[in-house]
Every structure is written in C-alpha cells, then in structure tokens.
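Following: one structure in structure tokens, then a few remarks.
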Amino acid sequence: MKRQSATTNLLSSAFNTLLKHQDLIQQVYLSGSFRKDGSKNDRRAYELQQHRIFITGGKETFLLSSHLTRFLDEVTQRQRLYDVLGEKAAAQVTRVWTLVEEYKKSVMAGRTDEADIAIEDFHMACAELADTFSTGISKLLYLAETNFAVVNSIEAKNRQNRHFLQQAKYFSSALRSLDGLHIEEEIDNLYCENDSLKNTYRTLILERKIEWHTEILRLIQFFESYLFRLRELAPDVKRFRQFAGFLDQNPGYEPPDLEDSHHRPQWMMRDIGIRQEAYADPGDRTAFDYLCEVTSSLPEAKESISRMKEIGRIERAPNKTLTVLRPPVHIVALSRFVRDAAKSLSPISALYWKRENCPDMDVPDDVWLLLVIHSKDYYGSEFSLVRHQRVERRGESRISRNKFVQDVIVHGL
Amino acid sequence: MFERVIFLLLEGNFICHVSQPEAYSFLNDENNLKSVEDYLARIERRVARTSKQTGFYLAFAEYGDKERAKIRTSYADIKNSLGPVVAFFQAIIRATGQESLLMQGSIIEVDTLMGRIDQDASLRSELQSVGVRFKIAADASHRKMMEAILKRMVNDQYLILNNPERSIYLVTSKIEYLLDVIKFISETDETVISSEAEDEALAEWKTGALL
C-alpha cells in the first residue's frame, strides 16, 4: 500500500512538471536541444532533468528523453530516417514466452508473490508487444503510402526503402517465432490454469496475429516491388534529366523524322485511336420507350439571333421601325399663322389665313378659332408675340344673350 | 468489361492501375488479354505494354501503307508535345524535389506545389516558361496557368485528376511511354548523343580539376 502511494506521488509530480513546463518541452522537441543561457529556463531545465524528462546532452545542454520523444513522434506522426521498428519485436516475443515460463516455475515452487509479479509483467509484455506490432505496422503503412515523402532523391528513397523492408522482415520473423513458440498452448497446459493470462494473450496477441501477418506480407511485397521500381527508374531519371537539360540548351530542337527508318520501336506503333460514335435506331421498337424518355428530357433549343458584323458600324436590331416624332398638323399651322401675323404690317384674319394657307387641314373653322383664342395659354411664348382681337356678335335669343365669335383678328405687338 | 476495354483501347486510351483500375485488372488476366488480342487481331491491331509493364495501349499489328499516315500523325503529335511535357515534369520535379515523380502513381498535390512556387521566384519564372511552351496566355495568374497546364496534361493522358476537391493529380503509365520515347531519341539521335557526351566530358573534366 505504501509502495503504491509512493508511485502515485511520483506520477502526480511528473504530470505536474510536464504541465508546468510544457512550453519548454515543446521548444526542445521542435529544436532538438536546450542550451543553458542564464535565464529562468536553466532552473526549469534542471527541474525537468530531475524528473527524467530531460537528459544531459553534453556540457550545459539538455535533450528530451528518448521515451518522451518517441511518444511525441507517435502523436505528431513524425517520420524519422532509419527508424528502428521491428528489431525489438523478436526480443519482446521471447520475453512474453519467458514470463509464462517464469510464472510456471514460481507456481510449481509455491512462490505466489513471484507468480503475481510474473502475471503483472506478462500483461505489460503482451501490451508492449501488441503496441510494437500495431504502431510499427501503421508507421510502415504510412511510409508505403507516402512513398518515403521525407526524402526526395531516388538514391535516398532507395536506402529508406531497403531499411524499412528489413524492418518489415524483422516483424515477419518475430511473428514466425511467435507462431513457433505456441504460447497459447503453453498457457492452456499450465499446471494451474490462469484465465487472466489466457484472456490477456488472446485479446492482445492471438486475435490480432492474423491481421499482423497479412499486413506484414502486404508491406514486404510493396517494399520489394517499390525497390525494384526505384532501381528500374534510376537510369530513366538520369536520362530524363540529361534530355531536359539538352532541351533547355537547345530550345529549337526537333526530334528527327523516324517513321521511314527501318528500326521502329514499339512506342512508335501506337495507334492513337478513333473517336467512337453511335446512333440510335429509331426503327428499333425495343428502344422506342427509351428514346421517348431521352427526347422528353432534352432541353428546348435556344433561339439565337445571328448578326453580321461590320467594321466601324453598330448595327441596329433587325426589323426595327424608325419612329419620327412630329408635332400635330394644327400646331404647325398655328405656329405658322402666328409667325405670319407677327411679321405682317396689317392684322390678319384667322379664318382668312386658314383658307388661304391650309385649305386641306382637317380642322373645322370653329375649332380653328377656338385654338387661336387659347393658343396663348397652351402653346408657349411664341404666341405671346401677337395680340388677338375677337370679331363677335350677339345671339338672336333674348334670353341667353350668347356671344358668337365670328373671326379672330391677329396682329403683331 | 470486355466491351469496355475494347472501346477504351480503340479510343487510344492508356489503361493502367491509376487511370482505369478495373479495365487494368481485367487485362492483367492472361485469358482476358488473349480474348482482347484475338478480337483486335481481326482489325490488324494488338495490345502493347509500356516498358515497365504497368500500362496497356493499342498498337498496330503491322507497318504498312495504311498505317503509315496514322503513325506519321501520331509521331508529329509526339514531336510537338515532347518539349512542353518534358519541361512540365522537369518543373514539377524541381518544385517538389521528388525524382520519383516519373513513376506511375506518383502524386501531385497542386496546393502544396503552388505554395512552393509562390515562395520561389525561379520556380515562378520556370512555370511561366512552361506556360509559354503550352501556348497559355502569359497574363494569366500562376494558379490559372498551372490549372490550364494540368488540364492539358490530363487531356494528353499523362495525369488524372484523382481528388478534385483537394486538387490531387496522379501520374499515369503514359509517363513510361514518354520515357521510352526519350530513351529512343537519346540513344539514336546523333545531335542529342554528342551533346550529352560533351556534357559528361565537361563534368568529368570539372571533377578531375577539382580533385
């Protein structure tokens, strides 16, 4: 109980330290190291070293602990060159087997404390082995999918590919060893059966083993074929670079005519093909419904107006009638009459002027006189240059005594 | 699938794992391949493979007067497009640093690529010159120019647009056809051979002088 409490205190303290100095940890993870600079960070680095989060990396320099670095690499999916993934898997398999043996011996000897420790470590060893396989495989899959994107040149990719192919083979060998040790049978045949061991092994290892086998085989196949392709590609890349350089130096270069030469490479025999077109047969009754459906789904044809383009001329819309705005005939006549009257030395009779100048105008005399009388009010300043004088007579009726306008005499002012 | 494969071939398509995965799987089966070849033999055609065996295309079974005109047209197309296509791949390799781009299935991420081009004046200038080779208006923005070039490369079957949302393109097996053409020209054309020999001699001399 005391031991557990001490462990809890240590963990709590470690988590607090991680939280307290997270910015410095992040800085060191990204930059690679921390060098003492006389600031407050020196003290913090020392504190982190006390908790084994930092390790000394030379005089006055601190590095991040490899365990934490590895954990953060997992979190950030950071690719490391020549990462060690599968080499430790075989040793971990042996450890799992050894712990089962240890448990067996402890039980046989009646050392229950040691048997308990062996069980506890067995759980941990299985979890570590499962983690090594699943994390390693997922990393290898990522590398395969990205074609070792962290490096660019063919040579570097080739080296990375060879290394990780070897790592995949380590995993494969560890899996073969796991199969060969028959740990599940060993657990089943234990003198005192332990369900905890059985369950742990089944859930963490046994149920995932087939999947690991498949993935590892797939990865090995991929890396091998990729390696082959990279090796094949290397001379092509060199030739491509040389040719591209040649084209840069000779931009006007044109490949020679080769079609009449006797040596015709296969690529030259390529048929560029033909455009395939097919037409429906309206006479085919079986296709009638389908054709009806197609026809009904066709959009309406758009009407387009085509206009001939002429340089230097903006063409009007076709068939557009020209509308000419003209004042009414009586207004023109009135205007002329007023102008004549203004110029004339003697007064002019409106009716006389109408008969003389506009005999065909379809305006009755009385309406014409009315227009002349009111022209001043309705038709602007031009009519204010003359004076009107009505020629009137009284009506014959004694009751009404209406006045009748017989003529209007107009003269200039 | 037989009918589809025949039509794809007759239309002049390159069939590979990247461009037509189902048709490629179909042709990878020896029996299917034989049935397709038997069919094409009746119209004096055959199925050819690219040099790395990753793609199929239609080829003439024989070289006669009938085929001569078509082969001449095809070769004229290659001659015209060789310069721009080589310049394009060279520019992409320079921008991404990925030499393995000349491999079928390689990925071109346009956003990442444009990010690098935008930050580097020499890459921008190279893109302009590739655009000129493809006869794309020089006043277009870099992004539009790149899109226009990529569209041409897709039309010419060198690339396929794998993910339109993220603008991810994949290199098809036609790249191997291009490499075959370059290999043949590099090995047979005296102009290229002598120029490359001069370059190599110069490089050796420089190395010797340095040592």
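The values are calculated or read from the model by the stated rules, or taken from the named source; none is laboratory data. Remember, predicted model here, so these are calculated numbers, not experimental data. Counting neighbours? That spans all protein chains shown, and the Cβs are built from the backbone with ideal geometry, glycine included.
Taking the criterion of being more than 8 Å from every other protein chain (Cβ to nearest Cβ) and free of Cβ contacts under 8 Å to residues at least 40 places away in the same chain, the residues of the range B:88-103 that qualify are B:91, B:92, B:93, B:94, B:95. Evaluating residue B:40 against the criteria (1) crowded, with 19+ Cβ neighbours inside 10 Å; (2) within 18 Å of residue B:181 (Cα to Cα); (3) at pLDDT 85 or above leaves one unmet condition, (2). Contact annotation: residue pairs with Cβ atoms under 8 Å, 6 or more positions apart or on different chains, pairing a residue in the range A:152-181 that is within 14 Å of residue A:94 (Cα to Cα) with a partner that is in a helix (DSSP H, G or I) and charged (D, E, K, R), are A:175/A:209; A:178/A:209; A:179/A:209.
What about residue A:170, is it surrounded by 18 or more Cβ atoms within 10 Å (Cβ to Cβ), among the aromatic types (Phe, Trp, Tyr), part of a helix (DSSP H, G or I) and over 37 Å from the mean Cα position of the chain (by Cα)?
Values: surrounded by 18 or more Cβ atoms within 10 Å (Cβ to Cβ): yes; among the aromatic types (Phe, Trp, Tyr): yes; part of a helix (DSSP H, G or I): yes; over 37 Å from the mean Cα position of the chain (by Cα): yes.
Here the answer is yes, as residue A:170 does meet what is asked.
Considered as a group, the residues in the range B:81-132 that are surrounded by 18 or more Cβ atoms within 10 Å (Cβ to Cβ) and among the charged types (D, E, K, R) include one that is farthest from residue B:159 (Cα to Cα), and that residue is B:126.
Candidates are the residues of the range A:145-162 that are buried (at least 18 other Cβ atoms within 10 Å of the Cβ) and out of contact with any Ser or Thr (no Cβ under 7 Å at 6 or more places or on another chain); the one that is nearest to residue A:217 (Cα to Cα) is A:161.
Tell me, which helices (runs of 4 or more DSSP H) lie completely within the range B:1-107 with 2 or more residues that are of a type in the set (Phe, Trp, Tyr)? Write out each step before concluding.
Values: elements: B:2-10, B:21-28, B:30-41, B:65-96.
In the range B:1-107, B:2-10, B:21-28, B:65-96 are the helices (runs of 4 or more DSSP H) which contain 2 or more residues that are of a type in the set (Phe, Trp, Tyr).
Any residue in the range B:106-121 that is farther than 27 Å from residue B:79 by Cβ and within 15 Å of the chain's Cα centre (by Cα)? Walk me through it before giving the result.
Going residue by residue through the range B:106-121, those that are farther than 27 Å from residue B:79 by Cβ are B:107, B:109-121.
Still in the running and within 15 Å of the chain's Cα centre (by Cα): B:107.
Taking every residue of the range B:106-121 in turn, at least one turns out to be farther than 27 Å from residue B:79 by Cβ and within 15 Å of the chain's Cα centre (by Cα).
Taking every residue in the range B:1-22 that is within 11 Å of chain A (Cβ to nearest Cβ) and pairing it with any residue that is modelled with pLDDT of 85 or more and in a loop (DSSP other than H, G, I, E, B), at least 6 positions away or on another chain, the pairs with Cβ-Cβ distances below 6 Å are B:14/B:157; B:14/B:172; B:14/B:173.
Can you work out which of the residues in the range B:120-136 that are assigned to a helix (DSSP H, G or I) and not aliphatic (A, V, I, L, M) is nearest to residue B:151 (Cα to Cα)? First the steps, then the outcome.
The first filter runs over the range B:120-136 and keeps only residues assigned to a helix (DSSP H, G or I), leaving B:121-133.
Those left that are additionally not aliphatic (A, V, I, L, M): B:122, B:124-126, B:128-129, B:131, B:133.
Values: B:122: 23, B:124: 19, B:125: 20, B:126: 18, B:128: 16, B:129: 17, B:131: 12, B:133: 14 Å.
Out of the qualifying residues, it is B:131.
Considering only residues that are charged (D, E, K, R), closer than 16 Å to residue A:350 by Cα and free of Cβ contacts under 8 Å to residues at least 40 places away in the same chain, which ones fall in the range A:384-409? Residues satisfying the conditions are A:387, A:390, A:392.
A single entry from A:152, A:161 fulfils the requirement of being farther than 22 Å from residue B:95 by Cα and within 13 Å of chain B (Cβ to nearest Cβ): A:161. Within the range B:58-76, the set of residues being within 7 Å of chain A (Cβ to nearest Cβ) and either of a type in the set (Asp, Glu) or over 17 Å from residue A:268 (Cα atoms) (or both) is empty.
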